[in-house]
1. Please tell me if Gly321 is within 18 Å of Arg254 (Cα to Cα), of a type outside the set (D, E, K, R) and either in contact with a Cys (Cβ under 7 Å, 6 or more places away or on another chain) or without any contact (Cβ under 8 Å) to a residue 60 or more places away in the chain (or both).
2. Given (1) open to solvent by less than 60 Å² (accessible area, probe 1.4 Å); (2) under 21 Å from the mean Cα position of the chain (by Cα); (3) acidic (Asp, Glu), where does Glu159 come up short, assuming only one miss?
3. For segment 268-279, which positions are part of a loop (DSSP other than H, G, I, E, B) and open to solvent by 40 Å² or more (accessible area, probe 1.4 Å)?
4. Any chance you could count how many residues in segment 343-399 are of a type in the set (S, T, N, Q) and either under 16 Å from the mean Cα position of the chain (by Cα) or within 17 Å of His183 (Cα to Cα) (or both)?
5. Given the conditions (1) under 25 Å from His36 (Cβ atoms); (2) without any contact (Cβ under 8 Å) to a residue 12 or more places away in the chain, and given that His244 satisfies all but one, which numbered condition is not satisfied?
6. Find all pairs meeting these conditions: Cβ atoms under 7 angstrom apart; at least six residues apart or on different chains; first residue within segment 177-194 and over 27 Å from Leu162 (Cβ atoms); second residue open to solvent by 10 Å² or more (accessible area, probe 1.4 Å) and among the acidic types (Asp, Glu).
7. Looking at segment 128-150, which of its residues are among the acidic types (Asp, Glu) and part of a loop (DSSP other than H, G, I, E, B)?
8. State which residue pairs qualify: first residue closer than 9 Å to Val69 by Cβ and inside segment 1-23, second residue among the aliphatic types (A, V, I, L, M) and in a helix (DSSP H, G or I) in any location, beta carbons under 9 Å apart, and separation of 6 or more residues or different chains.
Amino acid sequence: MLTMLWLNLSWLMVLSVGNAELLVTLVNRLHALPVHEKYLKEIRHVHDLLIPLFPSWVFVVIGFFSPGVFLHPISPGDVWEGLPVAVQFYFGICFAGFAGFVFSCARHLLHRPPRQQTDFSSRIVDVEKALGRPPVGEGPFQFMTKIPGNECFTVEFNERELTLDRLPKEWDGLRILHLTDLHFIGTVDLPFFEHVFEEAAKLDYDMICFTGDLLDGNEFSEWIPSTIGRLEAPLGKFFILGNHDWYLDTTPIRDKMTASGWLDMAGRVQILDRMGPPIAIGGDERPWMGRHPNFDASPRELFRLLLSHTPDNFSWARRAGVDLMLTGHNHGGQVVLPVVGPVFSPSIHGVRYAGGLFYSSPTLLYVSRGVGGRHPLRINARPEISIVTLKSARKTGTS
């Protein structure tokens, strides 16, 4: 009897995990669509309610009422046969959800950086310690900053060396400062970002690329000059906006950025030729704004760099012959659980591209965890700023 009790308990746990996986899968993909934040909030509230309600219903009704497997243990097969057809159908979907959960965990555990990453180093900057206080402002969700294990006030400054087959040898050693997802909202206060960009300004780089989600309120455009606006780069500063900018009036955001010397790359291609043969840089704010950049207007043989807010444009980038794609949006999942990995990621691919480096010919994709977030919660997904150093396989002789 005790064995049957544990078997039923395990069965109900599997159903609960599968149900949660289905709801998370749905929410992740809805957040990848051009749906306004006010509607997504309501959907998330329903999601947050259904995840605990389902196991409560299953454990109470099936466990203690009908058929009462905890009071009169019977085999899961007998329980299954006694359930209504609609319930059997949904439970079957929950089992599929559990299988998807197991697959996602295995994929997370087995993922390794692709061969194109030939070197990596990093250092951690504790901004709270440097400032001598928690840099908490007047914005929402302040309670999250006090959650144990939260790393939102630290930043990983990392450097990645990427060897790329089609990079002209004259561009060997090009250093790109990649920034994304600042999310100025007021919860993490201005001194935090000023310190972060003071550290970023000390780095050695040739150009800067920002891949969206700058503001969560138009009033915070006043923060731009003393933060991201203070940076300079010999080959230029290129930016696109993201979905959180789309929720706002984007015109003053773009005006403030261009006034600070940034080049707006939304839906366009820029040719750079200052270091040798030209390379093409494009910007993509789809699916929220504009259109894909037209790389076909430039010669096919040119090395192609794409700035995209979301990694969901990865398939398009591959078809367009993009060599390197820099993105953000997914924040590394913000919370990464042991073994399980990230859970929430606003992507049509779920958590597959939550953060890190991925390759599918001919495109190398880098998804940065970004610096901020509307919700100031980072556990095992520390904010990051990256220097990407490009190496030419033509020069090194690698393939």
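1. Details: within 18 Å of Arg254 (Cα to Cα): no; of a type outside the set (D, E, K, R): yes; either in contact with a Cys (Cβ under 7 Å, 6 or more places away or on another chain) or without any contact (Cβ under 8 Å) to a residue 60 or more places away in the chain (or both): yes.
The answer is no for Gly321.
2. So Glu159 meets the others, but not (1).
3. To start, the set of residues in segment 268-279 that are part of a loop (DSSP other than H, G, I, E, B) comprises 268, 273-278.
Correct list: Arg268, Asp273, Arg274, Met275, Pro277, Pro278.
4. Looking only at that region, the number is 5.
5. Among (1) under 25 Å from His36 (Cβ atoms); (2) without any contact (Cβ under 8 Å) to a residue 12 or more places away in the chain, the lone unmet condition for His244 is (2).
6. If the second residue must be open to solvent by 10 Å² or more (accessible area, probe 1.4 Å) and among the acidic types (Asp, Glu), the pairs left are Phe184/Asp216; Ile185/Asp216; Gly186/Glu138.
7. Glu138
8. Final answer for the pair search is Asn8/Ile62; Asn8/Val79; Trp11/Val79; Leu12/Val58; Leu12/Ile62.
The values are calculated or read from the model by the stated rules, or taken from the named source; none is laboratory data. This structure is a prediction, so every number in the text was calculated from the model and none was measured. Glycine gets a Cβ as well: all are built from the backbone with ideal geometry, and neighbour counts include every protein chain shown. Heavy atoms of the whole protein, side chains included, go into the accessibility calculation; ligands, DNA and RNA do not. Shrake-Rupley method; radii C 1.70, N 1.55, O 1.52, S 1.80 Å.
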